[in-house]
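None of the figures in this text is laboratory data; all of them are computed from the coordinates on show. Computed from a prediction, not measured in an experiment: that's the story for all the values here. Here the Cβ positions follow ideal geometry from the backbone for every residue, glycine too, while neighbour counts run over all protein chains shown.
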Amino acid sequence: MKKIGLSAILIVAIVLISGCTQSNPPTSEMISTDSGKSQEAGLQQKQDTCITYQEPHIVSVPYTTEEPYQENEYYTEREPYKIPKQTKWDVKWYTFTGNLEFGGEVDGDNNFTATFLYDWTGNPGGVGNTGYKEFIGFRADAEINVKVAGVYIFTIGSDDGSRLSIDGSLIIDNWRDGAYDASVKNIDVALSQGKHRLQMEYYNHWKNPKVSFKVSDSSILSWEGVGYRDVQKIRTVIKTRSVPKIREEIKNQTITKCS
């Protein structure tokens with residue numbers, strides 16, 4: 001009786017141990033699956049707690065603007081001005097032939113005053129400082145300006161010959177040899193308002209070289225002309241220039257927060 005009891009106990013114990021050995025333990029796949037489900041649940045929980053919203057903030061924005069400014073500018077302008085003018089004779093000297101004609105040009109006094117009386121008798125430089133005392137002559141040109149139209153008296157005299165033209169027309173002809181006193185001639189000439197050209201010619205054959213010219217009204221021998229000159233001036237001008245600037249603007253910024 002005592003033996004049977006022990007045997008029975010041993011058999012029961014072996015069966016129990018064998019049953020425990022045959023039981024399937026949990027696999028690694030099962031463990032992993034359970035773990036993934038746990039992680040997904042955690043992520044889902046995090047996403048649910050994140051929030052996104054717009055928040056205003058101040059930013060600096062560079063920009064360029066055109067601004068006016070004043071500047072002094074130098075420039076040149078042509079301006080008229082008055083020039084006092086006076087009749088003067090432009091003189092050219094020539095040798096003179098026995099045929100009462102001019103020959104070659106020579107040097108001499110090349111300007112005469114508006115009215116004149118020249119007596120070169122005994123002049124060391126000869127007639128008109130040409131170095132010639134005989135067989136010498138000149139052709140002289142001048143301009144007059146008549147302010148008021150009217151009649152004007154012109155007078156010339158010479159030893160030997162002389163003649164006077166106005167605007168190309170011969171008005172006094174004394175182109176011959178003779179003493180000065182006998183050659184002086186006057187003539188009345190009607191002139192229109194404005195400028196006129198004079199030409200006088202003279203020659204001396206020999207001895208006592210002398211010549212003269214005058215007019216009844218000296219006002220036609222001087223006038224005011226007009227000239228032009230460059231004058232530097234300054235003026236203020238308005239210009240524009242680009243100026244860099246910065247302005248502040250309020251903009252929205254997207255912010256995401258997760259708890």
Given an 8 Å cut-off on Cα distances and at least 6 residues of separation, report the relative contact order of the range 83-223 as a percent. 32
When the dipole is taken about the Cα centre of the range 83-223, and only Lys, Arg (+1) and Asp, Glu (-1) are charged at their Cβ, what size is it in debye, to the nearest 20? 340
Pairs on different chains or at least eight residues apart, Cα atoms closer than 17 Å: how many lysine pairs in the range 83-223 fit? 11
Would you mind counting up the charge near residue 223? Only other residues with Cβ under 15 Å from its Cβ, with Lys and Arg at +1 and Asp and Glu at -1. +3
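What is the dipole size for the range 76-120, taken about its Cα centre, with +1 at each Lys and Arg Cβ and -1 at each Asp and Glu Cβ, in debye to the nearest 20?
260
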Extension gain, residue 257 back to residue 121 (0.36 nm per residue minus Cα-Cα distance, nm): 36.3 nm
Could you compute the net charge surrounding residue 75? Neighbours are other residues with a C-beta less than 15 Å from the C-beta of residue 75; K and R count +1, D and E count -1. 0
Can you compute the modelled spin-label distance between residue 238 and residue 105, with each label point 7 Å from Cα toward Cβ, in nm? 6.1
Fully extended contour minus Cα-Cα distance, from residue 78 to residue 230, at 0.36 nm per residue: 54.3 nm
Compactness ratio of the range 83-223: Cα Rg over 2.2 N^0.38 Å, N = residue count? 1.03
